[in-house]
Each structure stands twice: as C-alpha cells, then as structure tokens.
Amino acid sequence: KDIGTAFMNWFVKHGEAYTWSRDWFYGLAIIGDPALTPNAVTKQLLQYDDGSAEFGFRSSVDSVAAVRFSASSSIQLLKLVYYIWGEMNNFKVHVLNTNFQSVYSLEVTPTEGWFVVDVSAANILVSGDFYVGFQWIRDAPPWLGVDTNAPHNLRSYLGWIGSPGSPKEREDYM
C-alpha cells in the first residue's frame with residue numbers, strides 16, 4: 001500500500017475522532033510523492049554453525065580462518081559475528097571476495113563469547129560467494145570457536161589472503 005492511500009485510510013477511520021482533530025489533521029501535509037511505497041528492510045542472519053562451539057583453535061600469524069557465504073543478490077553486510085575465547089588479543093576481521101582477496105578489514109579488540117563487529121557504516125555490498133574471515137596478527141590466542149556437530153557444510157577454510165585452502169571436513173567455524 002502506498003503512503004497516500006495508507007494515510008487516507010487512516011484518516012477516514014480515525015481523523016474525525018475528536019473535535020480538534022479535523023483542523024490538526026487537515027494541516028498535515030505529505031511532502032513528496034504520496035504514491036511511494038516504503039521499501040521493506042529484511043535482515044537475515046547467515047550462518048552454518050549450530051551456535052554451540054565444541055572446541056576452538058588458533059593458527060599462525062597472518063593465517064585466515066573464514067566461512068564462505070553465498071548471496072543470490074546484492075546485500076549489505078551489517079554485522080560480523082565470531083565466537084571467541086582465550087586471551088583477548090587483537091585480530092583482524094575481513095570480508096573477502098570470491099578470490100579470497102580482502103575487500104574490507106579492521107583490527108579489533110575482542111570480548112569473550114559472541115563478539116559482534118558492527119560494519120553497517122562501511123556500506124559493504126556483496127553478492128555471489130564471499131567470505132567472512134578472522135586473521136591472527138599475533139602468535140597468541142584468541143581462539144576461534146568451531147562447531148563439529150552435523151550437518152557439515154564444507155564452507156570453513158583456513159588459508160592466507162589470496163589462498164583459502166581446502167574446505168574443512170566436519171568443522172564449521174564460528
């Protein structure tokens with residue numbers, strides 16, 4: 001339903017409810033095109049793990065653990081979410097393209113448990129296959145959570161920028 005029709009329907013139903021309402025509501029103006037329909041914003045969580053980490057790991061400096069996601073149309077990434085524990089040393093978060101090249105990175109200081117990085121202001125648009133990655137920048141924890149319960153989606157990778165390695169069997173990075 002467009003804005004103009006919605007307002008007219010509301011006014012017919014509620015606009016004459018009070019004696020003062022006629023003057024106030026007749027003074028309301030819609031500036032712009034009243035035939036516009038607001039765009040619905042759909043937010044969707046993309047994940048392949050079950051939300052429960054059976055173990056965690058750390059890897060060598062500069063290695064990247066990543067999960068491959070697929071989007072059938074262009075989407076904006078709003079948040080990157082990781083399950084973290086151990087020492088809370090800085091690491092880099094990445095959004096990587098289909099060639100495992102970083103299109104966005106940020107060094108962060110994590111908190112233990114589900115760690116959320118708000119990237120909405122970065123206006124990261126992706127489509128097709130892309131990766132969300134975790135890069136160790138020190139030879140120390142934190143540990144990245146791993147889900148080992150079925151189903152396994154073969155979407156978790158451990159490699160280097162430019163080279164994702166092979167998908168991990170029976171592991172879903174969190």
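The values are calculated or read from the model by the stated rules, or taken from the named source; none is laboratory data. Since this is a predicted model, take the numbers as computed values, not measurements. Virtual Cβ from ideal backbone geometry, glycine too; neighbours counted across all protein chains shown. Surface accessibility is based on the protein's heavy atoms, side chains included, excluding ligands, DNA and RNA. Shrake-Rupley method; radii C 1.70, N 1.55, O 1.52, S 1.80 Å.
Once region 129-147 is narrowed to residues that are part of a loop (DSSP other than H, G, I, E, B) and of a type outside the set (D, E, K, R), the residue that is most open to solvent (accessible area, probe 1.4 Å) is Ile137. Return yes or no: is Val95 in contact with a Leu (Cβ under 7 Å, 6 or more places away or on another chain) and within 10 Å of Ala66 (Cα to Cα)? For Val95, the condition - in contact with a Leu (Cβ under 7 Å, 6 or more places away or on another chain) and within 10 Å of Ala66 (Cα to Cα) - is met.
Residues that are of a type outside the set (Ser, Thr, Tyr), modelled with pLDDT of 95 or more and either under 24 Å from Pro110 (Cβ atoms) or more than 21 Å from the chain's Cα centre (by Cα) (or both) within region 128-146 comprise Phe130, Val132, Gly133, Phe134, Gln135, Trp136, Ile137, Pro142, Trp143, Leu144, Gly145, Val146, listed in sequence order. For region 98-125, filtered to residues that are closer than 15 Å to Phe69 by Cα and either acidic (Asp, Glu) or out of contact with any Leu (no Cβ under 6 Å at 6 or more places or on another chain) (or both), the residue that is surrounded by the most Cβ atoms within 10 Å (Cβ to Cβ) is Phe100.
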